[in-house]
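Q: Mind having a look at this structure? Questions to follow.
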Amino acid sequence: MPKKLYIKTYGCQMNVYDSVRMADALAPLGYAKTASPEEADFVILNTCHIREKASEKVYSELGRLRPLKAAAAAEGRQVLLGVAGCVAQAEGEEMLRRAPVVDLVFGPQTYHRLPEMVTRLLAGEGGGLVDTDFPLESKFDHLPEEGASQGAAAFLSVQEGCDKFCSFCVVPYTRGAEFSRPVAEVVAEAKRLVASGALEITLLGQNVNAYHGDGPDGATWGLGRLLRRLAEIEGLARLRYTTSHPRDMDAELIATHRDEPKIMPYLHLPVQSGSDRILSAMNRKHSADDYRRIVGELRNARPDLALSSDFIVGFPGERDLDFAATLRLVTDVGYAQAYSFKYSPRPGTPASSIEEQVPEAIKTERLSALQQLIDAQQLAFNHAKIGERLEVLLEKPGKRAGQLIGRSPWMQSVVVEAPERLIGHIIEVDIEAAHGNSLAGRVVTLDCASESHIARTVFAQTGAA
Ligand code: 5AD
Ligand code: SF4
(Lines give C-alpha, C1' and ligand atoms only; values in the text may rest on other atoms or scores of the structure.)
(Ligands and ions follow the chains in the order given, each with its own letter.)
Protein backbone atom coordinates (compact mmCIF):
# COMPACT_ATOMS: atom_id res chain seq x y z
CA MET A 1 0.00 0.00 0.00
CA PRO A 2 1.32 3.45 -0.84
CA LYS A 3 2.04 5.59 2.16
CA LYS A 4 0.11 8.82 2.52
CA LEU A 5 1.59 12.29 2.77
CA TYR A 6 -0.27 15.33 4.05
CA ILE A 7 1.36 18.75 3.71
CA LYS A 8 -0.15 21.89 5.19
CA THR A 9 1.35 24.97 3.61
CA TYR A 10 1.46 28.43 5.16
CA GLY A 11 2.66 31.71 3.75
CA CYS A 12 4.07 32.66 0.40
CA GLN A 13 4.10 31.07 -3.04
CA MET A 14 7.66 29.96 -2.44
CA ASN A 15 6.33 27.70 0.29
CA VAL A 16 3.63 26.39 -2.06
CA TYR A 17 6.37 25.51 -4.53
CA ASP A 18 8.54 23.93 -1.82
CA SER A 19 5.62 21.75 -0.73
CA VAL A 20 5.21 20.46 -4.29
CA ARG A 21 8.93 19.65 -4.39
CA MET A 22 8.84 17.93 -0.98
CA ALA A 23 6.16 15.63 -2.36
CA ASP A 24 8.42 15.01 -5.40
CA ALA A 25 11.33 14.16 -3.07
CA LEU A 26 9.20 11.68 -1.12
CA ALA A 27 7.49 10.02 -4.08
CA PRO A 28 10.37 7.52 -4.66
CA LEU A 29 9.80 6.30 -1.09
CA GLY A 30 6.19 5.46 -1.98
CA TYR A 31 4.46 8.51 -0.49
CA ALA A 32 1.35 9.72 -2.31
CA LYS A 33 -0.43 12.92 -1.33
CA THR A 34 -3.66 12.93 0.64
CA ALA A 35 -5.99 15.80 1.51
CA SER A 36 -6.82 14.45 4.95
CA PRO A 37 -4.36 14.46 7.86
CA GLU A 38 -6.24 11.62 9.58
CA GLU A 39 -5.18 9.05 7.00
CA ALA A 40 -1.63 10.34 6.58
CA ASP A 41 1.51 8.39 7.49
CA PHE A 42 3.56 11.56 7.25
CA VAL A 43 2.29 15.02 8.16
CA ILE A 44 4.38 18.05 7.25
CA LEU A 45 3.66 21.60 8.35
CA ASN A 46 5.44 23.90 5.91
CA THR A 47 5.57 27.06 7.97
CA CYS A 48 5.95 30.80 7.44
CA HIS A 49 7.67 33.22 9.80
CA ILE A 50 6.62 36.52 8.27
CA ARG A 51 3.40 36.98 10.26
CA GLU A 52 3.08 37.84 13.91
CA LYS A 53 3.27 35.05 16.50
CA ALA A 54 4.19 32.62 13.74
CA SER A 55 5.94 30.14 16.04
CA GLU A 56 3.13 30.19 18.63
CA LYS A 57 0.63 29.33 15.89
CA VAL A 58 2.76 26.39 14.80
CA TYR A 59 3.03 25.09 18.38
CA SER A 60 -0.76 25.20 18.78
CA GLU A 61 -1.21 23.36 15.48
CA LEU A 62 1.23 20.71 16.73
CA GLY A 63 -0.88 20.42 19.88
CA ARG A 64 -3.91 19.69 17.69
CA LEU A 65 -1.98 17.01 15.78
CA ARG A 66 -0.77 15.18 18.87
CA PRO A 67 -4.00 13.13 19.43
CA LEU A 68 -4.00 12.17 15.76
CA LYS A 69 -0.55 10.69 16.08
CA ALA A 70 -1.47 8.95 19.34
CA ALA A 71 -4.64 7.46 17.77
CA ALA A 72 -2.62 6.05 14.87
CA ALA A 73 -0.05 4.60 17.28
CA ALA A 74 -2.88 2.87 19.19
CA GLU A 75 -3.80 1.16 15.89
CA GLY A 76 -0.17 0.14 15.43
CA ARG A 77 0.44 2.71 12.71
CA GLN A 78 3.48 5.00 12.87
CA VAL A 79 2.80 8.57 11.83
CA LEU A 80 5.74 10.89 11.23
CA LEU A 81 5.34 14.56 12.01
CA GLY A 82 7.66 17.04 10.34
CA VAL A 83 7.97 20.81 10.55
CA ALA A 84 9.46 22.57 7.54
CA GLY A 85 9.87 26.14 6.32
CA CYS A 86 10.94 29.35 7.99
CA VAL A 87 9.64 28.69 11.52
CA ALA A 88 11.49 25.36 11.50
CA GLN A 89 14.62 27.17 10.33
CA ALA A 90 14.30 29.79 13.08
CA GLU A 91 13.40 27.38 15.92
CA GLY A 92 15.66 24.41 15.10
CA GLU A 93 16.45 22.22 18.14
CA GLU A 94 14.17 24.31 20.31
CA MET A 95 11.19 22.89 18.44
CA LEU A 96 11.99 19.32 19.49
CA ARG A 97 12.35 20.46 23.09
CA ARG A 98 9.04 22.34 23.15
CA ALA A 99 7.10 19.81 21.06
CA PRO A 100 8.51 16.31 21.50
CA VAL A 101 5.68 15.04 19.29
CA VAL A 102 7.73 16.33 16.32
CA ASP A 103 9.95 13.77 14.55
CA LEU A 104 11.84 16.04 12.21
CA VAL A 105 12.58 19.70 11.78
CA PHE A 106 14.07 20.84 8.49
CA GLY A 107 14.64 24.13 6.74
CA PRO A 108 13.88 25.45 3.24
CA GLN A 109 17.35 24.49 2.00
CA THR A 110 17.50 20.89 3.20
CA TYR A 111 14.30 19.17 2.10
CA HIS A 112 16.14 17.30 -0.66
CA ARG A 113 17.50 15.23 2.24
CA LEU A 114 13.99 14.14 3.26
CA PRO A 115 14.30 10.57 1.92
CA GLU A 116 17.42 10.00 4.01
CA MET A 117 15.85 11.59 7.12
CA VAL A 118 12.66 9.57 6.76
CA THR A 119 14.56 6.33 6.19
CA ARG A 120 16.57 6.93 9.36
CA LEU A 121 13.44 7.67 11.38
CA LEU A 122 11.57 4.63 10.07
CA ALA A 123 14.61 2.49 10.89
CA GLY A 124 14.07 3.45 14.50
CA GLU A 125 16.56 6.28 14.83
CA GLY A 126 14.03 8.09 16.96
CA GLY A 127 14.47 11.04 19.24
CA GLY A 128 13.89 13.57 16.50
CA LEU A 129 16.05 14.86 13.68
CA VAL A 130 16.95 18.46 13.01
CA ASP A 131 18.45 19.65 9.72
CA THR A 132 18.45 23.40 9.36
CA ASP A 133 21.78 23.72 7.56
CA PHE A 134 22.46 26.07 4.72
CA PRO A 135 24.32 23.38 2.77
CA LEU A 136 26.87 24.19 0.11
CA GLU A 137 25.19 21.85 -2.34
CA SER A 138 21.98 23.12 -3.92
CA LYS A 139 18.83 21.16 -3.17
CA PHE A 140 17.92 21.55 -6.84
CA ASP A 141 20.85 19.32 -7.79
CA HIS A 142 19.44 16.55 -5.62
CA LEU A 143 15.69 16.72 -6.07
CA PRO A 144 14.06 14.35 -8.53
CA GLU A 145 12.34 15.96 -11.54
CA GLU A 146 8.93 17.41 -10.81
CA GLY A 147 6.31 14.69 -10.56
CA ALA A 148 2.66 15.69 -10.50
CA SER A 149 1.57 18.40 -12.90
CA GLN A 150 0.94 21.78 -11.27
CA GLY A 151 -1.83 22.44 -13.77
CA ALA A 152 -2.26 25.37 -16.15
CA ALA A 153 -0.74 27.97 -13.83
CA ALA A 154 2.55 26.72 -12.44
CA PHE A 155 5.28 28.10 -10.17
CA LEU A 156 8.98 27.76 -10.78
CA SER A 157 11.56 28.77 -8.21
CA VAL A 158 14.53 30.52 -9.86
CA GLN A 159 16.08 32.42 -6.99
CA GLU A 160 16.15 32.05 -3.25
CA GLY A 161 17.32 33.94 -0.25
CA CYS A 162 18.01 37.59 0.27
CA ASP A 163 21.06 39.77 0.90
CA LYS A 164 19.11 43.00 1.38
CA PHE A 165 18.56 42.89 5.16
CA CYS A 166 15.60 45.22 5.42
CA SER A 167 15.62 46.00 9.12
CA PHE A 168 12.16 44.52 9.81
CA CYS A 169 12.53 41.24 7.94
CA VAL A 170 13.48 37.68 8.96
CA VAL A 171 13.92 36.35 5.42
CA PRO A 172 17.72 36.84 5.17
CA TYR A 173 18.03 34.79 8.37
CA THR A 174 15.53 32.02 7.54
CA ARG A 175 16.17 31.65 3.82
CA GLY A 176 19.85 32.50 3.80
CA ALA A 177 22.01 34.22 1.20
CA GLU A 178 20.93 34.95 -2.35
CA PHE A 179 21.23 32.07 -4.77
CA SER A 180 20.15 31.81 -8.44
CA ARG A 181 19.57 28.59 -10.34
CA PRO A 182 21.47 28.22 -13.63
CA VAL A 183 19.58 29.28 -16.77
CA ALA A 184 19.69 25.82 -18.38
CA GLU A 185 18.12 24.23 -15.31
CA VAL A 186 15.32 26.82 -15.22
CA VAL A 187 14.63 26.44 -18.95
CA ALA A 188 14.52 22.65 -18.68
CA GLU A 189 12.07 22.81 -15.76
CA ALA A 190 9.91 25.35 -17.61
CA LYS A 191 9.76 23.08 -20.66
CA ARG A 192 8.68 20.15 -18.51
CA LEU A 193 5.98 22.27 -16.86
CA VAL A 194 4.67 23.33 -20.28
CA ALA A 195 4.74 19.72 -21.49
CA SER A 196 2.60 18.77 -18.49
CA GLY A 197 -0.03 21.41 -19.23
CA ALA A 198 1.24 24.75 -17.92
CA LEU A 199 0.19 27.77 -19.98
CA GLU A 200 1.39 30.23 -17.38
CA ILE A 201 4.58 30.14 -15.32
CA THR A 202 5.29 32.39 -12.37
CA LEU A 203 8.98 32.64 -11.56
CA LEU A 204 9.53 32.72 -7.84
CA GLY A 205 12.19 34.19 -5.62
CA GLN A 206 12.35 36.15 -2.37
CA ASN A 207 14.19 38.70 -4.48
CA VAL A 208 13.40 37.37 -7.90
CA ASN A 209 14.63 40.36 -9.89
CA ALA A 210 18.03 40.05 -8.23
CA TYR A 211 18.32 36.86 -10.32
CA HIS A 212 21.83 36.39 -11.67
CA GLY A 213 22.11 32.86 -13.00
CA ASP A 214 24.90 31.20 -14.94
CA GLY A 215 23.97 31.33 -18.62
CA PRO A 216 24.76 28.64 -21.16
CA ASP A 217 27.17 31.11 -22.81
CA GLY A 218 29.28 31.42 -19.67
CA ALA A 219 27.91 34.90 -18.89
CA THR A 220 25.73 35.81 -15.92
CA TRP A 221 22.14 36.38 -16.97
CA GLY A 222 19.76 38.80 -15.29
CA LEU A 223 16.03 38.23 -14.97
CA GLY A 224 15.21 40.18 -18.14
CA ARG A 225 17.38 37.94 -20.26
CA LEU A 226 16.00 34.82 -18.57
CA LEU A 227 12.43 35.96 -19.27
CA ARG A 228 13.23 36.56 -22.94
CA ARG A 229 14.62 33.04 -23.18
CA LEU A 230 11.60 31.50 -21.46
CA ALA A 231 9.22 33.45 -23.69
CA GLU A 232 10.63 31.47 -26.64
CA ILE A 233 9.15 28.26 -25.26
CA GLU A 234 6.36 27.17 -27.56
CA GLY A 235 3.05 26.56 -25.84
CA LEU A 236 3.85 28.88 -22.95
CA ALA A 237 1.41 31.78 -23.10
CA ARG A 238 2.03 33.79 -19.93
CA LEU A 239 4.98 34.70 -17.73
CA ARG A 240 4.97 36.39 -14.34
CA TYR A 241 7.55 36.86 -11.61
CA THR A 242 7.41 37.67 -7.93
CA THR A 243 8.60 39.17 -5.56
CA SER A 244 10.72 42.06 -6.76
CA HIS A 245 12.76 44.76 -5.06
CA PRO A 246 12.74 48.27 -6.59
CA ARG A 247 16.55 48.44 -6.48
CA ASP A 248 16.89 45.45 -8.82
CA MET A 249 14.47 46.78 -11.44
CA ASP A 250 17.17 47.33 -14.06
CA ALA A 251 16.88 48.78 -17.58
CA GLU A 252 17.08 45.35 -19.25
CA LEU A 253 14.19 44.01 -17.17
CA ILE A 254 12.10 47.11 -17.81
CA ALA A 255 12.78 46.81 -21.56
CA THR A 256 11.64 43.18 -21.43
CA HIS A 257 8.22 44.40 -20.31
CA ARG A 258 8.11 46.55 -23.46
CA ASP A 259 9.30 43.85 -25.87
CA GLU A 260 7.78 40.65 -24.61
CA PRO A 261 3.98 40.36 -24.73
CA LYS A 262 4.02 37.05 -22.87
CA ILE A 263 5.02 38.93 -19.71
CA MET A 264 1.73 39.78 -18.08
CA PRO A 265 1.05 43.47 -17.39
CA TYR A 266 0.98 43.09 -13.63
CA LEU A 267 3.85 43.54 -11.21
CA HIS A 268 4.12 43.11 -7.47
CA LEU A 269 6.69 45.72 -6.47
CA PRO A 270 6.74 46.23 -2.69
CA VAL A 271 7.70 49.70 -1.48
CA GLN A 272 6.78 49.34 2.25
CA SER A 273 6.56 53.09 2.94
CA GLY A 274 6.32 56.43 1.15
CA SER A 275 8.50 58.28 3.66
CA ASP A 276 12.20 58.66 2.88
CA ARG A 277 13.03 58.82 6.59
CA ILE A 278 11.26 55.49 7.22
CA LEU A 279 12.62 53.91 4.03
CA SER A 280 16.09 54.74 5.25
CA ALA A 281 15.38 53.29 8.74
CA MET A 282 14.06 50.19 6.99
CA ASN A 283 17.38 49.94 5.11
CA ARG A 284 15.56 49.86 1.80
CA LYS A 285 18.28 51.94 0.10
CA HIS A 286 15.88 53.76 -2.21
CA SER A 287 13.71 56.85 -1.85
CA ALA A 288 10.01 57.30 -2.55
CA ASP A 289 10.91 59.31 -5.66
CA ASP A 290 13.23 56.52 -6.88
CA TYR A 291 10.19 54.26 -6.69
CA ARG A 292 7.99 56.79 -8.54
CA ARG A 293 10.65 57.05 -11.25
CA ILE A 294 10.90 53.26 -11.64
CA VAL A 295 7.13 52.95 -11.88
CA GLY A 296 7.15 55.69 -14.52
CA GLU A 297 9.77 53.85 -16.58
CA LEU A 298 7.83 50.60 -16.30
CA ARG A 299 4.65 52.29 -17.45
CA ASN A 300 6.46 53.93 -20.33
CA ALA A 301 7.60 50.47 -21.36
CA ARG A 302 4.20 48.86 -20.84
CA PRO A 303 1.40 51.44 -20.57
CA ASP A 304 -1.21 48.96 -19.33
CA LEU A 305 1.00 47.73 -16.47
CA ALA A 306 -0.87 47.40 -13.17
CA LEU A 307 0.96 47.47 -9.88
CA SER A 308 0.66 45.81 -6.55
CA SER A 309 2.71 46.42 -3.43
CA ASP A 310 3.33 45.64 0.24
CA PHE A 311 3.14 48.32 2.92
CA ILE A 312 4.09 48.33 6.57
CA VAL A 313 2.40 50.88 8.84
CA GLY A 314 3.64 51.77 12.30
CA PHE A 315 7.29 51.02 11.66
CA PRO A 316 9.26 52.24 14.73
CA GLY A 317 9.51 56.02 14.65
CA GLU A 318 6.78 56.49 12.01
CA ARG A 319 5.06 59.85 12.60
CA ASP A 320 1.89 61.29 11.09
CA LEU A 321 3.96 63.08 8.46
CA ASP A 322 5.62 59.82 7.40
CA PHE A 323 2.30 58.07 7.12
CA ALA A 324 0.89 60.97 5.10
CA ALA A 325 3.80 60.45 2.69
CA THR A 326 2.77 56.81 2.30
CA LEU A 327 -0.80 57.84 1.45
CA ARG A 328 0.60 60.32 -1.06
CA LEU A 329 2.69 57.65 -2.75
CA VAL A 330 -0.31 55.33 -3.00
CA THR A 331 -2.34 58.15 -4.53
CA ASP A 332 0.44 58.99 -7.00
CA VAL A 333 1.05 55.40 -8.14
CA GLY A 334 -2.50 54.05 -8.15
CA TYR A 335 -2.54 50.35 -7.34
CA ALA A 336 -4.59 47.50 -8.75
CA GLN A 337 -4.15 45.76 -5.42
CA ALA A 338 -1.86 45.92 -2.39
CA TYR A 339 -1.16 44.22 0.91
CA SER A 340 -0.69 46.22 4.08
CA PHE A 341 0.49 45.11 7.48
CA LYS A 342 1.00 46.57 10.91
CA TYR A 343 4.66 46.47 11.82
CA SER A 344 5.37 43.69 14.28
CA PRO A 345 8.81 43.08 15.72
CA ARG A 346 10.65 39.93 14.66
CA PRO A 347 13.18 38.72 17.23
CA GLY A 348 16.72 39.12 16.00
CA THR A 349 15.95 41.81 13.39
CA PRO A 350 17.46 45.30 13.89
CA ALA A 351 14.09 47.11 13.92
CA SER A 352 12.82 45.02 16.82
CA SER A 353 15.23 46.76 19.20
CA ILE A 354 14.40 50.33 18.15
CA GLU A 355 13.04 52.11 21.24
CA GLU A 356 10.41 54.30 19.58
CA GLN A 357 7.70 51.69 18.86
CA VAL A 358 4.35 53.01 17.58
CA PRO A 359 1.32 52.44 19.86
CA GLU A 360 -1.08 49.72 18.70
CA ALA A 361 -4.06 52.10 18.46
CA ILE A 362 -2.19 54.32 16.01
CA LYS A 363 -1.14 51.33 13.92
CA THR A 364 -4.78 50.24 13.75
CA GLU A 365 -5.90 53.70 12.68
CA ARG A 366 -3.24 54.00 9.99
CA LEU A 367 -3.82 50.50 8.66
CA SER A 368 -7.51 51.16 8.26
CA ALA A 369 -6.93 54.50 6.49
CA LEU A 370 -4.41 52.91 4.12
CA GLN A 371 -6.62 49.93 3.40
CA GLN A 372 -9.56 52.21 2.64
CA LEU A 373 -7.51 54.04 0.04
CA ILE A 374 -6.15 50.81 -1.48
CA ASP A 375 -9.60 49.19 -1.55
CA ALA A 376 -11.02 52.19 -3.37
CA GLN A 377 -8.21 52.02 -5.95
CA GLN A 378 -8.72 48.29 -6.39
CA LEU A 379 -12.46 48.70 -6.91
CA ALA A 380 -11.90 51.49 -9.43
CA PHE A 381 -9.33 49.37 -11.28
CA ASN A 382 -11.74 46.44 -11.44
CA HIS A 383 -14.67 48.64 -12.48
CA ALA A 384 -12.67 50.03 -15.38
CA LYS A 385 -12.64 46.52 -16.87
CA ILE A 386 -16.45 46.35 -17.25
CA GLY A 387 -17.30 46.21 -20.94
CA GLU A 388 -13.80 44.98 -21.87
CA ARG A 389 -13.00 41.62 -23.45
CA LEU A 390 -10.24 39.92 -21.45
CA GLU A 391 -8.26 36.74 -21.93
CA VAL A 392 -8.77 34.56 -18.88
CA LEU A 393 -6.84 31.46 -17.91
CA LEU A 394 -9.38 29.18 -16.25
CA GLU A 395 -7.82 27.48 -13.21
CA LYS A 396 -10.45 25.82 -11.02
CA PRO A 397 -14.13 25.31 -10.23
CA GLY A 398 -15.92 28.25 -8.58
CA LYS A 399 -17.98 28.23 -5.40
CA ARG A 400 -21.26 27.53 -7.19
CA ALA A 401 -21.98 24.60 -9.48
CA GLY A 402 -21.32 25.45 -13.12
CA GLN A 403 -18.90 28.24 -12.28
CA LEU A 404 -15.21 28.36 -13.05
CA ILE A 405 -12.58 30.79 -11.78
CA GLY A 406 -9.67 32.09 -13.76
CA ARG A 407 -7.23 34.96 -13.88
CA SER A 408 -7.11 38.00 -16.11
CA PRO A 409 -3.73 39.27 -17.33
CA TRP A 410 -3.88 41.67 -14.34
CA MET A 411 -4.27 38.85 -11.78
CA GLN A 412 -7.92 39.61 -11.19
CA SER A 413 -10.05 36.60 -10.33
CA VAL A 414 -12.69 36.20 -13.00
CA VAL A 415 -15.82 34.13 -12.43
CA VAL A 416 -17.64 32.67 -15.43
CA GLU A 417 -20.28 30.06 -16.15
CA ALA A 418 -18.49 27.37 -18.12
CA PRO A 419 -18.07 23.60 -18.23
CA GLU A 420 -15.21 22.04 -16.27
CA ARG A 421 -13.47 20.79 -19.38
CA LEU A 422 -12.39 24.38 -20.01
CA ILE A 423 -10.13 24.37 -16.93
CA GLY A 424 -6.59 24.80 -18.18
CA HIS A 425 -7.60 26.88 -21.23
CA ILE A 426 -7.31 30.54 -22.02
CA ILE A 427 -10.67 31.87 -23.08
CA GLU A 428 -12.05 35.28 -23.92
CA VAL A 429 -14.52 36.77 -21.49
CA ASP A 430 -16.71 39.85 -21.78
CA ILE A 431 -16.57 41.46 -18.35
CA GLU A 432 -20.01 42.39 -17.06
CA ALA A 433 -19.54 43.04 -13.36
CA ALA A 434 -16.78 44.08 -10.98
CA HIS A 435 -16.38 43.68 -7.24
CA GLY A 436 -13.60 44.44 -4.78
CA ASN A 437 -11.88 41.12 -5.26
CA SER A 438 -13.19 39.71 -8.51
CA LEU A 439 -14.75 40.23 -11.91
CA ALA A 440 -17.60 38.32 -13.50
CA GLY A 441 -18.30 37.89 -17.17
CA ARG A 442 -19.53 35.85 -20.10
CA VAL A 443 -17.41 33.44 -22.11
CA VAL A 444 -17.02 34.52 -25.73
CA THR A 445 -14.44 32.40 -27.46
CA LEU A 446 -12.44 29.35 -26.71
CA ASP A 447 -8.71 29.21 -27.23
CA CYS A 448 -7.88 25.55 -27.49
CA ALA A 449 -4.51 26.01 -29.10
CA SER A 450 -3.32 28.49 -26.49
CA GLU A 451 -1.04 31.13 -27.99
CA SER A 452 -0.99 30.00 -31.62
CA HIS A 453 -4.49 31.11 -32.55
CA ILE A 454 -7.71 31.97 -30.85
CA ALA A 455 -10.61 30.04 -32.30
CA ARG A 456 -13.21 32.67 -32.99
CA THR A 457 -16.12 30.36 -32.44
CA VAL A 458 -18.84 31.59 -30.17
CA PHE A 459 -18.81 29.15 -27.34
CA ALA A 460 -22.15 27.55 -26.49
CA GLN A 461 -22.75 27.94 -22.76
CA THR A 462 -24.73 24.75 -22.63
CA GLY A 463 -21.72 22.66 -23.72
CA ALA A 464 -21.36 19.51 -21.66
CA ALA A 465 -18.49 19.07 -19.24
N1 5AD B 1 6.12 43.35 10.31
C2 5AD B 1 5.12 43.60 9.44
N3 5AD B 1 5.15 43.26 8.15
C4 5AD B 1 6.24 42.60 7.71
N5 5AD B 1 6.57 42.12 6.50
C6 5AD B 1 7.77 41.53 6.58
N7 5AD B 1 8.24 41.62 7.83
C8 5AD B 1 7.31 42.29 8.56
C9 5AD B 1 7.22 42.71 9.91
N10 5AD B 1 8.22 42.48 10.78
C11 5AD B 1 5.74 42.31 5.31
C12 5AD B 1 6.47 43.16 4.26
C13 5AD B 1 6.84 42.17 3.20
C14 5AD B 1 5.68 41.19 3.31
C15 5AD B 1 5.90 39.86 2.69
O16 5AD B 1 5.48 41.05 4.70
O17 5AD B 1 5.57 44.13 3.75
O18 5AD B 1 6.96 42.73 1.92
FE1 SF4 C 1 12.89 40.81 3.45
FE2 SF4 C 1 13.78 43.11 2.41
FE3 SF4 C 1 14.80 40.77 1.57
FE4 SF4 C 1 12.29 41.46 0.90
S5 SF4 C 1 14.16 42.54 0.27
S6 SF4 C 1 12.98 39.46 1.66
S7 SF4 C 1 11.63 42.55 2.75
S8 SF4 C 1 14.99 41.64 3.62
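The values are calculated or read from the model by the stated rules, or taken from the named source; none is laboratory data. Note that this is a predicted model, so its numbers are computed, not measured. Here the Cβ positions follow ideal geometry from the backbone for every residue, glycine too, while neighbour counts run over all protein chains shown.
Q: Which members of the stretch 227-236 meet the condition of being in contact with a helix residue (DSSP H, G or I) (Cβ under 7 Å, 6 or more places away or on another chain) and either in a helix (DSSP H, G or I) or among the charged types (D, E, K, R) (or both)?
A: LEU227, ARG228, ARG229, LEU230
Q: Which count do you get for residues in the stretch 235-252 that are touching a strand residue (DSSP E or B) at 6+ places or on another chain (Cβ under 9 Å) and either more than 15 Å from ligand 2 (Cβ to nearest atom) or of a type in the set (Phe, Trp, Tyr) (or both)?
A: Number satisfying all stated conditions: 6.
Q: In the list LEU239, LEU253, LEU298, which residue meets the criterion of being part of a strand (DSSP E or B) and not β-branched (Val, Ile, Thr)?
A: LEU239
Q: Give GLY424, GLY348 a once-over and let me know the one that is in contact (Cβ under 8 Å) with a residue 60 or more places away in the chain, in contact with a strand residue (DSSP E or B) (Cβ under 8 Å, 6 or more places away or on another chain) and in a loop (DSSP other than H, G, I, E, B).
A: The match here is GLY424.
Q: Only one of PRO270, PRO345 is under 19 Å from ILE254 (Cβ atoms) and not basic (Lys, Arg). Can you tell me which?
A: None of the other options fit; the residue is PRO270.
Q: Let me ask something else about it. Can you tell which of GLN371, GLN357, GLN378 is of a type in the set (S, T, N, Q), outside any helix (DSSP H, G or I), out of contact with any helix residue (DSSP H, G or I) (no Cβ under 7 Å at 6 or more places or on another chain) and surrounded by 14 or more Cβ atoms within 10 Å (Cβ to Cβ)?
A: GLN357
Q: What's the total number of residues in the stretch 268-289 that are within 16 Å of PHE165 (Cα to Cα) and more than 16 Å from ligand 1 (Cβ to nearest atom)?
A: Summing the residues that are within 16 Å of PHE165 (Cα to Cα) and more than 16 Å from ligand 1 (Cβ to nearest atom) in the stretch 268-289 gives 1.
Q: Something else about it: Within the stretch 20-47, how many residues turn out to be free of Cβ contacts under 8 Å to residues at least 60 places away in the same chain and surrounded by 19 or more Cβ atoms within 10 Å (Cβ to Cβ)?
A: Number satisfying all stated conditions: 8.
Q: So which helices (runs of 4 or more DSSP H) are wholly in the stretch 80-188 and hold at least 1 residues that are touching a residue at least 60 places away in the same chain (Cβ under 8 Å) and in the same structural domain as GLU61 (by TED's automatic domain parsing)?
A: Result: 85-91, 114-122.
Q: While we're on this one: Here are some conditions: (1) under 26 Å from LYS262 (Cβ atoms); (2) touching a residue at least 40 places away in the same chain (Cβ under 8 Å). LEU321 meets all but one. Which one does it not meet?
A: (1)
Q: If you go through the stretch 295-316, how many residues are β-branched (Val, Ile, Thr) and within 11 Å of ligand 1 (Cβ to nearest atom)?
A: Residues meeting the conditions: 2.
Q: Here is a further query. So ASN15 passes all but one of these: (1) touching a Cys at 6+ places or on another chain (Cβ under 7 Å); (2) part of a strand (DSSP E or B). Which condition number does it fail?
A: (2)
Q: May I pose another question? Go through the stretch 1-15 and report how many residues are on the phi < 0 side of the Ramachandran plot, surrounded by 16 or more Cβ atoms within 10 Å (Cβ to Cβ) and under 24 Å from the mean Cα position of the chain (by Cα).
A: 8
Q: Answer yes or no: is there a residue in the stretch 204-226 that is at pLDDT 90 or above, away from ligand 2 (no atom under 16 Å from the Cβ), in contact with a strand residue (DSSP E or B) (Cβ under 6 Å, 6 or more places away or on another chain) and in a loop (DSSP other than H, G, I, E, B).
A: Checked against the condition, which is being at pLDDT 90 or above, away from ligand 2 (no atom under 16 Å from the Cβ), in contact with a strand residue (DSSP E or B) (Cβ under 6 Å, 6 or more places away or on another chain) and in a loop (DSSP other than H, G, I, E, B), the stretch 204-226 yields at least one hit.
Q: Shifting gears a bit: Could you tell me which numbered condition PRO270 fails, if it satisfies all but one of (1) within 15 Å of ligand 2 (Cβ to nearest atom); (2) under 17 Å from the mean Cα position of the chain (by Cα); (3) more than 27 Å from GLY296 (Cβ to Cβ)?
A: It is condition (3) that PRO270 fails.
Q: Let me ask something else about it. For the stretch 1-26, give me each residue that is over 30 Å from SER244 (Cβ atoms), touching a strand residue (DSSP E or B) at 6+ places or on another chain (Cβ under 9 Å) and among the aliphatic types (A, V, I, L, M).
A: Hits for the stretch 1-26 are LEU5, LEU26.
Q: Could you tell me whether any residue of the stretch 258-267 is within 16 Å of ligand 1 (Cβ to nearest atom), touching a residue at least 24 places away in the same chain (Cβ under 8 Å) and buried (at least 19 other Cβ atoms within 10 Å of the Cβ)?
A: yes
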